[in-house]
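Structure in structure tokens, see below.
The values are calculated or read from the model by the stated rules, or taken from the named source; none is laboratory data. Please read these numbers as outputs of a predicted model, since none were measured by experiment. As a convention, Cβ positions derive from the backbone with ideal geometry for all residues, glycine included, and neighbour counts pool all protein chains shown.
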Amino acid sequence: MPLLRRTTLMTQIEEPTILRRVSLNLVVMAVLTGGSLRLYRAAVLQFGWSNSWSWIAWTFFGGVAILFLMTTLHLGNHPARAWLWRAPMFALLESLTEIAVSLVLTYLGLERIGSLTATFEDWQSSALRIGTVRMIAIPLFALVLAFISTIVRLILLPRKTAHPPEPPQSAEPSHTPEPTP
């Protein structure tokens with residue numbers, strides 16, 4: 001006889017998918033975001049440089065989309081009150097990862113500043129810029145996301161009243177047939 005009998009509750013528990021487990025982890029999501037952003041930037045500058053303003057705009061917005069999509073994937077798993085510490089921590093870990101990947105790419109000679117290969121002096125100013133921009137952009141995005149999600153929740157979700165409505169009482173007695181033996 002098993003120690004625990006199978007109940008209805010036990011049959012409804014499901015293991016979260018791999019994407020859900022990854023998105024719940026702050027460190028993993030920040031590292032994935034920082035690494036993917038820096039590799040995206042390196043690939044864009046290495047293989048696709050163009051003088052077209054529309055191409056430059058699309059690649060910029062592609063990087064912004066990656067950053068905010070990954071941030072949303074992580075923050076969306078937690079209540080908005082937890083975002084007060086999660087968003088800055090995500091920004092810090094993401095920028096540190098991006099700076100570390102940039103350092104490795106600079107060491108390998110693959111990091112670009114425009115059409116030129118980046119040097120370690122360029123890396124220092126780039127690291128400062130990355131840290132500053134991420135530490136401002138991600139918490140501001142989280143603030144806007146919290147505001148929008150709160151508004152949507154208030155508009156779309158039905159409101160629960162403090163006291164449930166009482167069922168209407170009729171003057172006539174209820175005539176329910178009694179079961180026969």
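Quick check on Val44: is it out of contact with any strand residue (DSSP E or B) (no Cβ under 7 Å at 6 or more places or on another chain), in a helix (DSSP H, G or I) and surrounded by fewer than 18 Cβ atoms within 10 Å (Cβ to Cβ)?
No: the conditions fail for Val44.
Condition check ((1) in a helix (DSSP H, G or I); (2) crowded, with 16+ Cβ neighbours inside 10 Å) across all residues:
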{"residue": "His74", "(1), (2)": "yes, yes"}
{"residue": "His78", "(1), (2)": "no, no"}
{"residue": "Arg81", "(1), (2)": "yes, no"}
{"residue": "Leu84", "(1), (2)": "yes, no"}
{"residue": "Ala87", "(1), (2)": "yes, yes"}
{"residue": "Ser95", "(1), (2)": "yes, yes"}
{"residue": "Ala100", "(1), (2)": "yes, no"}
{"residue": "Leu103", "(1), (2)": "yes, yes"}
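Oh, and also: Out of all the residues in the range 106-113, is one or more at pLDDT 90 or above and among the hydrophobic types (A, V, I, L, M, F, W, C)?
Yes, because at least one residue in the range 106-113 is at pLDDT 90 or above and among the hydrophobic types (A, V, I, L, M, F, W, C).
Examine the range 16-24 for a residue that is loosely packed, with under 13 Cβ neighbours inside 10 Å and assigned to a loop (DSSP other than H, G, I, E, B), and state whether such a residue exists.
yes
So which residues in the range 108-144 are under 20 Å from Gly34 (Cα atoms), of a type in the set (A, V, I, L, M) and part of a helix (DSSP H, G or I)?
Within the range 108-144, Leu108, Ala127, Leu128, Ile130, Val133, Met135, Ile136, Ala137, Ile138, Leu140, Ala142 qualify.
Here's another thing I want to ask about it. Go over the candidates Phe68, Phe90 one by one and state the one that is closer than 14 Å to Leu140 by Cβ, in contact (Cβ under 8 Å) with a residue 24 or more places away in the chain and touching a His at 6+ places or on another chain (Cβ under 7 Å).
Answer to the check: Phe90.
How many residues does the range 26-65 contain that are without any contact (Cβ under 8 Å) to a residue 40 or more places away in the chain and touching a helix residue (DSSP H, G or I) at 6+ places or on another chain (Cβ under 8 Å)?
11
Confirm whether Trp53 is modelled with pLDDT under 95, farther than 27 Å from Phe147 by Cβ, loosely packed, with under 13 Cβ neighbours inside 10 Å and not small (Gly, Ala, Ser).
yes
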